[in-house]
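Below is one structure, written out as structure tokens; comments come after it.
None of the figures in this text is laboratory data; all of them are computed from the coordinates on show. This is a predicted model, so every value here is computed, not measured. Positions of Cβ are generated from backbone atoms using ideal geometry, with glycine treated the same way; all protein chains shown enter the neighbour counts.
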């Protein structure tokens, strides 16, 4: 589990480092620029995470197939190609919406100057959307083949390329004019394109990958597999979307509370997102390992793969909880200079938000890894319902009530978000325990000769 997980974890950290680099450098231009950039990043991310969820369906489909037939080529190739189709079909309408981000942000009650700057930023940032989803499909392919290091090297290189390009274009170095947020969007779009091309280049040159011939006849429709990806991926996308959009809703509520609250929230979310990448990577590894065991009808392997990932995630969450609650001020200092008096109110709020984020680390890790474990069994619909109820019926209403009806303001909003994560994490874990205890009898029956259909839930 760990041999597969650690490259996936570092790959996830590399991906979040792209956005973190942008946010850090936006902070160098001042709180207002940071707030506008955060609005743009979070609006784009609300759509992006849904797309990532859709194409994430390719991972369990490929894993279950390879668990049944270790050297299957055609079925894996079908899944990858239709993953590209799903990514393109989703991206085209999203591009149209994001292009009109400014009026959308105004409709959501944001300050006109922040909405205008965020909209201009997204006009250059949005074009990296489709290349990034293609990169995710290809990364799933190499991860299922248990060769995740290739994706890691590309992601790591992307971090350095993005940092250099953002610095040059945002601040006007090496003879380029200073483009501000507009330049940051150009830089990140270029980086996403290069990352997709980099992984594609590795796949076409590596002997083990090349035999799948992924890039031939991409124009040929395969409607059964296309529909299967949507069937499995839509609940995954909604599950991930419910979590991310509740934090995006919090962004807009923070914008109503004021620019300082918005900037502080953006910093705290970025720190929490970096910490989240490790349990997310463990969840990705659990999806592959559980899926392979499920496809092979290996009862003990399903249980072992799931609990190994869960235990590792909980151990890690204990460490991040301590770090975020003890040295939160130092973490915030990476984003804003604490010695500047103008930043004092933002820093104070951000430290408080990071402290609350540290407290809910165990719950956040539990929901991330449990969702990955269940995904490996093709179980996506019930986790979707759990996420909807936990985030939108518990977390956001409680947080909004505490923010606007009590003196807690932004702190109250974060307490509500933490409560929603606790509800989802506990429910997801109980769902896995139920499958662990009651659902393996069907897998034992399957091992006796009844074939497993990819994407069929365990119970």
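Structural remarks
- Working ranking of peptides 210-218, 150-158, 34-42 by packing, defined as the average number of other Cβ atoms within 10 Å per residue, highest first, is 34-42, 150-158, 210-218.
- Degrees, to the nearest 10: 129-144 long Cα axis against longest axis of the chain: 40
- Here the range 250-294 is scanned for amide nitrogen atoms under 15 Å from the site 7 Å beyond the Cα of residue 146 along Cα-to-Cβ, giving 285-294.
- Annotation for residue 213 and residue 330: the two label points, set 7 Å from Cα along the Cα-Cβ direction, are 5.6 nm apart.
- Calculated FRET efficiency for the pair residue 100/residue 223, C-beta based, R₀ 30 Å, to 0.05: 0.45
- Distance between the pseudo-spin-label points of residue 164 and residue 430 (7 Å out from Cα toward the beta carbon): 5.2 nm.
- For the range 2-118, fraction of C-alpha pairs farther apart than 21 Å, in %: 57
- Extended-chain gain in nm, criterion 0.36 nm per residue less alpha-carbon gap, residue 348 and residue 28: 113.4 nm
- Per residue, the chain reaches -27000 deg cm²/dmol at 222 nm when only DSSP H runs of four or more residues are counted, each adding -39500 (n - 2.57).
- Size estimate for the range 354-439 follows the Kirkwood approach: the inverse of mean 1/r over distinct Cα pairs works out to 13.3 Å.
- Sequence-separation-based contact order of the range 342-427, relative, with Cα cut under 8 Å and 6+ spacing, percent: 40
- Listed by Cβ neighbour count within 10 Å, with the fewest neighbours leading, 85, 99 appear as 99, 85.
- Between residue 73 and residue 323, the simple spin-label model (points 7 angstrom out along Cα→Cβ) gives 4.4 nm.
- The ranking of 68, 220 from fewest to most other beta carbons within 10 Å of each one's beta carbon is 220, 68.
- One chain, two ends: residue 299 and residue 157. Fully extended at 0.36 nm per residue, the span grows by 47.2 nm beyond their Cα-Cα distance.
- Acute angle (nearest 10 degrees) that the helix 181-205 long axis makes with the longest principal axis of the chain, alpha-carbon atoms: 20
- C-alpha long axis of helix 410-434 to longest principal axis of the chain, angle in °: 10
- Counted by neighbouring Cβ atoms within 10 Å, the residues 318, 308 run from fewest to most as 318, 308.
- Every pair of different Cα atoms in the chain enters the Kirkwood calculation, which places the hydrodynamic radius at 22.3 Å.
- Pair-distance distribution of the range 172-218: all C-alpha pairs, bin width 5 Å, starting at 0; shares per bin in whole percent are 5, 18, 17, 15, 11, 10, 8, 9, 8, 0.
- FRET efficiency for residue 197 and residue 406, using Cβ-Cβ distance with R0 set to 56 Å, rounded to 0.05: 0.65
- Estimated FRET transfer efficiency when R0 is 41 angstrom, pair residue 252-residue 307 (beta carbons, to 0.05): 0.60
- Relative contact order [Cα under 8 Å, 6+ residues apart], the chain, whole percent: 22
- Pair-distance distribution of the range 196-300: all C-alpha pairs, bin width 5 Å, starting at 0; shares per bin in whole percent are 2, 9, 9, 12, 16, 17, 12, 10, 7, 4, 2, 0.
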